[in-house]
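Throughout, read-outs are computed from the coordinates displayed, never taken from laboratory work. Being a predicted model, the structure only gives us computed values, none of them experimental. Here the Cβ positions follow ideal geometry from the backbone for every residue, glycine too, while neighbour counts run over all protein chains shown.
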Amino acid sequence: MSYADVRGLRIWYEVQGAGKPLVLLHGGYGSTGTFAPVRSALAARRRLIAVDLRGHGRTAGVDRPLRYESMADDVAALLRHLDLPEVDLLGYSLGGGVALRTAIQHPALVRRLVLVSTPFRRGGWHPRVLAAMSTHDEHAAERMRGTPPYERYAKVAPRPQDWPALWARSGELLRRDYDWSAEVAALPMPVLLVFADADAIPMSHVTEFFGLLGGGHRDPGDDGSDRPASRLSVLPGLTHDEVVASPALPAAVLPFLTHVARVPG
């Protein structure tokens, strides 16, 4: 457990396990603790580097807007600071957006990419989720005081008084439109998409996402040799909030990270 001083931030990260590095990026208003239920299973096979994104957990925010692109640059700078020239990268929800941007902006740093319950465009969320995201601001932060997310934040944040600012910056980020479909289609590394079957993201978006990665366009042949390098896993009986804590997650992720896949070229 340590801090790294990069890009004007003191980024908190935690290391656990041994083997090839797997970097974990949590969801909105979360921290490295988000992965506590699955870390032991993952650390049995990999060296985990769990990171608190800017303004979250033990990483204090800065007086700048939150952007997926800038948080991706934070992650890349941390990896270079830690002398990790190539890693596997797993991001959940908000952290999935950051992981995806990291792979787009710094593809040489990412060997394999795992995206858990995250869309490639803002409109990929269910409409009710988008409506809720649009209400995130300082007033919503006050209503969230006393809830488990607030208690977890207040326990570890360097400046617990920044809770309203985090909600204001997060809300501004979540209201911004984006569509990364062209950049997704150009990703050079294998990607595993993981969703819950009752996710906050509709299956129509899931299949479109997988299609951008080459999935579902053709029969793989009798021997499976014509399958895409990327993979899709839909975990049954789970919601968006539950998927990151399910033992089904490492069961889906670890085989993908160790499988020798053919990369189209």
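Quick look at the values:
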{"read-out": "Principal axis box of region 67-185, alpha-carbon based, largest edge first, Å", "value": "42, 34, 19"}
{"read-out": "Counting DSSP beta bridges with both ends in the chain, the antiparallel % (nearest 5)", "value": "30 percent"}
{"read-out": "Restricting region 63-128 to chymotrypsin sites (Phe, Trp or Tyr not before Pro) in coil, as DSSP defines it, with at most 16 other Cβ within 10 Å", "value": "none"}
{"read-out": "Column: log10 I(q)/I(0), Debye, Cα scatterers of the chain, q = 0.08 Å⁻¹", "value": "-0.30"}
{"read-out": "Whole-Å semi-axes of the ellipsoid equivalent to region 1-129 (Cα gyration tensor, √5λ, descending)", "value": "20, 17, 15"}
{"read-out": "Kirkwood hydrodynamic radius over Cα pairs of region 179-228, then Stokes diffusion coefficient at 4 °C and 1.567 mPa s, in µm²/s", "value": "106 µm²/s"}
{"read-out": "Given the chain, longest segment not containing exposed loop trypsin sites (Lys or Arg not before Pro) (DSSP; at most 14 other Cβ within 10 Å)", "value": "1-144"}
{"read-out": "Using θ = phi - 60° and Karplus 6.51 cos²θ - 1.76 cosθ + 1.60, couplings along region 246-259 (whole Hz; Gly, Pro as x)", "value": "7, x, 5, 5, x, 5, 7, 6, 4, x, 5, 5, 9, 6"}
{"read-out": "Rough spin-label spacing in nm, given labels placed 7 Å along Cα→Cβ, for R145 and D241", "value": "2.2 nm"}
{"read-out": "Distribution of pairwise C-alpha distances over region 137-265, 10 Å bins, in %", "value": "10, 28, 30, 21, 8, 2"}
{"read-out": "Charge dipole of the chain about the Cα centre (unit charges at C-beta), most positive-ward option of G214, M189, H26", "value": "H26"}
{"read-out": "Residue-averaged 222 nm ellipticity for the chain, from DSSP H runs of 4+ at -39500 (n - 2.57), nearest 500", "value": "-10500 deg cm²/dmol"}
{"read-out": "Whole-angstrom gap from region 221-242 to region 160-182, using each part's C-alpha centre", "value": "29 Å"}
{"read-out": "Separation in nanometres of the label points that stand 7 Å from Cα toward Cβ, at M1 and M203", "value": "4.2 nm"}
